[in-house]
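Read through the structure below, which is laid out as structure tokens, and then see the notes.
Laboratory data are not the source of any read-out in this text; all were calculated from the coordinates shown. Computed from a predicted model, the values in this text were never measured in an experiment. Backbone-built Cβ (ideal geometry, glycine too); neighbour counts: all protein chains shown.
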Amino acid sequence: MRHHKYNTEYKFVKEPEDFNKYTDRSMLQYCLGATMYMPGTKDFTEAILEEKRAGLTSMTMCFEDACKEEDVPQAERNCIRMLDKINAELQEGRFDYKNLPLIVFRVRSVEQFKEFANMLKPEHIKLITGFNFPKFNAVNGARYFGYLKELNERFGEILYGMPILEDRRVAFKESRIQELIDIKRILDEYKELVLNVRVGATDFSACFGARRDINYTIYDIMTVRDILMDILNVFTRDNDYTVSGPVWEYFKINKSLKFDEELPEIDLKESLLKRTPLVNDAVDGLMRELILDKANGFIGKTIIHPTHIKYVNGMLAVTREEYEDAYQIMNTSGGVIKSSNGNKMNEIGPHRMWAERIVMRARAYGVIQNETEYLKLFR
């Protein structure tokens, strides 16, 4: 897989790199990007084999919130058929493994995780990147990862786990910090199996009877913003884990819009933060939240509509100035130096972890000349 394949004409300063489930975890954790969620009952096989979703690199088949409990057996059978069909096409040479998106299954519970895993065959494992664990907490967390470790040992393969933090003990202030610390202890024990930490802002909002409007970002909902702040504080310190941003619930796409022809050369960030209308309220709201996701340290985002893919992955591309600053920091032993652009101070020690993240994002999403290029990349 490679990001931005929907726009083959775009010229990067530095091209994004190819990746698959076997890419080293230190890099792969930055590659998930826009992860599209869909019900496990949906037959998505042909969409994968015929690459119908331009730019899709990461997908989750859901057995939980997107699937009624009585439909779980049907969803499990559907997903096994999908894996069988993809495997058959690979074996017959009609499908190339490099075009296979990262496939993740969101299980419903530890028990359902075990039931579904018992349906898997050895030939399925190379197609699966891992599993999402919903309502992950300090009580069920060790059971999820303990069984995941068993699966890795059984198949002699790598299967990752991605906890979803959306539990009420994380939502409520009086229990939050201790709960997050206890969860981190579990993840630290199984660190090599943890690909990503995900957050369920919809569940958090529900705890307070809140829902963000199309004209607000999740950071405008103060109770949820407070939760996200603490999650980032606990899990992103020292670049321990990547944390993915919460889902954007709105979609309304003008498919005929051509950015390079219909929009002037603008500062995208400034325009969005000043609420200058660009596309429509749904897309503008998504991009505005992506700017804030990126500023706060989230990497990637859960999505529910394929038209969101290019915006999420596009906004993760690194500008040339960012990349040159990061490269300079990573290749200087210490002290303080003027940036290569001559407009800022690069302090080697304090800025090193920032630089590490920028370099990884550059490898995964590429380097573009400057922020005006985002519009051309979205085309």
Residue-wise HN-Hα coupling along region 174-187, computed from phi with Karplus coefficients 6.51, -1.76, 1.60 (Hz; x: Gly, Pro): 5, 10, 4, 4, 5, 4, 5, 5, 5, 5, 5, 4, 5, 5
Which loop-located chymotrypsin sites (Phe, Trp or Tyr not before Pro) does region 1-36 contain, where loop means any DSSP state but H, G, I, E or B and the Cβ has at most 13 other Cβ atoms within 10 Å? Tyr22
Pick out, in residue order, every one of the GluC sites (Glu not before Pro) in region 88-182 that is DSSP loop and has at most 10 other C-beta atoms within 10 Å; say none if there are none. Glu92
Compare the Cα positions of Thr217, Ser244, Leu193 along the charge dipole of region 167-247 (+1 at Cβ of Lys, Arg; -1 at Cβ of Asp, Glu; about the Cα centre) and return the one farthest towards the positive end. Thr217
Counting other C-beta atoms within 10 Å, which of Cys31, Cys67, Cys79 has the fewest, and how do the rest follow? Cys67, Cys79, Cys31
As I understand it, the value is the acute angle between the Cα axis of helix 222-235 and the longest principal axis of the Cα atoms of the chain; what does it come to in degrees, rounded to 10? 80
Given the -39500 (n - 2.57) contribution per DSSP H run of 4+ residues, what per-residue ellipticity at 222 nm results for the chain, rounded to the nearest 500 deg cm²/dmol? -12500 deg cm²/dmol
Among Pro122, Pro101, Pro16, residue whose mean-square fluctuation peaks in a GNM of the chain (springs only between Cα atoms under 10 Å): Pro122
Provide Lys135, Lys274 in ascending order of the number of other Cβ atoms located within 10 Å of each residue's Cβ, fewest first. Lys274, Lys135
Among Lys11, Lys344, which comes first, second and so on when ranked by fewest other beta-carbon atoms within 10 Å? Lys11, Lys344
As I understand it, the value is the acute angle between the Cα axis of helix 281-296 and the longest principal axis of the Cα atoms of the chain; what does it come to in degrees, rounded to 10? 80
Can you run phi through the Karplus equation (6.51, -1.76, 1.60; θ = phi - 60°) for region 163-171 and list ³J(HN,Hα) in whole Hz, with x for Gly and Pro? x, 10, 8, 8, 6, 5, 5, 7, 5
Let a ≥ b ≥ c be the square roots of the eigenvalues of the Cα gyration tensor of the chain; is it rounded (a/c under 1.5), or, if not, prolate (a/b larger than b/c) or oblate? rounded
Cα-centred dipole magnitude for the chain, charges only on beta-carbon of K, R (+1) and D, E (-1), debye, nearest 20: 80
The long-range amide H neighbours of Leu165, using H built 1.01 Å from N in the peptide plane and a cut-off of under 5 Å, are Arg198, Val199, Gly200
Given contacts defined as C-alpha pairs under 8 Å and at least six residues apart, what's the relative contact order of the chain, whole-number percent? 20
What number does region 90-154 give for Rg over Rh if you use C-alpha atoms and the Kirkwood radius? 1.04
Explain nothing, just the number: relative contact order of region 141-224, from Cα pairs under 8 Å at least 6 residues apart, as a whole percent. 31
May I ask for the distance between the Cα centers of region 344-379 and region 211-225, given as a whole number of Å? 27
Expected max-MSF residue from Arg363, Arg237, Arg169 in the GNM of the chain (alpha carbon, under 10 Å) is Arg237
Name the long-range amide H neighbours of Gly300: under 5 Å, sequence gap of 5 or more, or other chain; modelled H, no Pro or chain starts. Gly245
Region 287-338 and region 69-114 have their Cα centres apart by a whole-number Å value of 31
GNM flexibility winner over the chain from Ile303, Ile128, Ile181 (Cα, springs under 10 Å): Ile181
